[in-house]
Amino acid sequence: MHKFDLAIAYKWFYDKELTVLIENLFQRNGLTTFIVDLNNLYEVTSMLKEGTLFFKAVLDRGSDEDERFTEMAKILSTNGTLVINEYSKVEQSIDKAQMHKKLIELKMPVPETIILPAFDKEEKLSINKFDLEKLGNPFVIKPSYYTGGGEGVIVNATSIQQIENSRLINKDDRYLVQRKIFPKIINGKRAWFRLFWFFDEVFPAWWDDNTHIFHQISEEEYNIIELERMKDYTRKIAEATGMDYFSTEITIDVNDKMYIIDYVNDQCDFRRKSLHVDGVPDVLVYKFVEKMYYKVKSLQ
């Protein structure tokens, strides 16, 4: 049997950058890696099925995007391999309606929200103009499950018709209709943050929700932002989900109220800022790879 410490499965072109970083760090420090992509996927799946290939851990960034990775994922979830972001935990955590209810139970600050049933379950729209008036105008419409990178989200919705149209796009998905949060300005930046959870630690960064540009938080800014409170919310989300890594969005509005906006983003975009204008600060990408290295090393 051929054994490797970590397999990295991916399809997205830009994940190649992350893969190179992982391989460099792991191999330089004595751990073995194995790349799975569409060129060798079926061969790898057959070998795993036959028991001639085994991975101690896998970072699977392919099966969420391409169903051709699904069979491999099923084998890895049952053969003793550590799946970084276990599939069942991801499934429970990325459903926004489910997470919204869980965060409310945990007394976490989330925007006022109306959760609508899937069109397939209830065609008649159970919301009226008086409900919308309570949320304010404009408001936000989000698919509960079928979304990623903002896909399907309307951030400046103004009418019931837009809600009805959205529900017809994914008829088997619930929808969230939320109050739109307007962030205050701190040091010339919108008070919007993306916080990353990597295995056992929180790493915060500025993230502009309009431009999607990241900035590192300076030492001086740490003193004027309630970062410890944000980090505590992120830890609580990690405890509630059991996820190995994810990011969450938190903002402070013009009335100095804090809100968790995008609850769990499981497949973080790890393009680096040094290579992409809207990339993640390089130091955070390196931290993710480093933390994952120590996690995999602990399996030996």
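Of note:
- Separation between Cα centres of segment 226-300 and segment 1-51, rounded to whole Å: 23
- Extension gain, Ser218 to Glu201: 0.36 nm times the residue separation minus the Cα-Cα distance gives 4.3 nm.
- Extension gain from Asp282 to Asp37, taking 0.36 nm per residue of separation minus the Cα-Cα distance: 85.8 nm
- Highest-MSF residue in the chain out of Asp60, Asp131, Asp266 [GNM, Cα springs under 10 Å]: Asp131
- Mean-square fluctuations from a GNM of the chain, with a 10 angstrom spring cutoff on Cα atoms, peak among Leu116, Leu275, Leu284 at Leu275.
- Ile185-Asp131 FRET efficiency (beta carbon distance; Förster radius 41 Å; 0.05 resolution): 0.85
- Unit charges on C-beta of K, R, D, E only; dipole of the chain, Debye: 320
- Under the convention that each Lys and Arg Cβ holds +1 and each Asp and Glu Cβ holds -1, the size of the dipole of segment 112-179 around its Cα centre is about 120 debye.
- Unit Cα scatterers, Debye sum, the chain: log10 I(q)/I(0) for q = 0.07, 0.08, 0.11, 0.14 Å⁻¹: -0.30, -0.39, -0.73, -1.11
- Here segment 103-207 yields Rg over Rh of 1.02, to two decimals, using C-alpha coordinates and the Kirkwood radius.
- Rg followed by Dmax, in Å, when segment 183-268 is reduced to its Cα trace: 12.2, 35
- With a Förster radius of 25 Å applied to the C-beta separation of Phe13 and Ser274, the computed FRET efficiency comes to 0.90.
- Multiplying the residue separation of Thr52 and Asp256 by 0.36 nm and subtracting their alpha-carbon distance yields 67.7 nm.
- Mean separation of Cα contacts under 8 Å, 6 or more apart, over the residue count of the chain: relative contact order %: 17
Here, each number is a calculation from the coordinates, and none is a lab measurement. All figures in this text were calculated on a predicted structure; none of them were measured in a lab. Note that we place each Cβ from the backbone using ideal geometry, even for glycine, and neighbour counts take in every protein chain shown.
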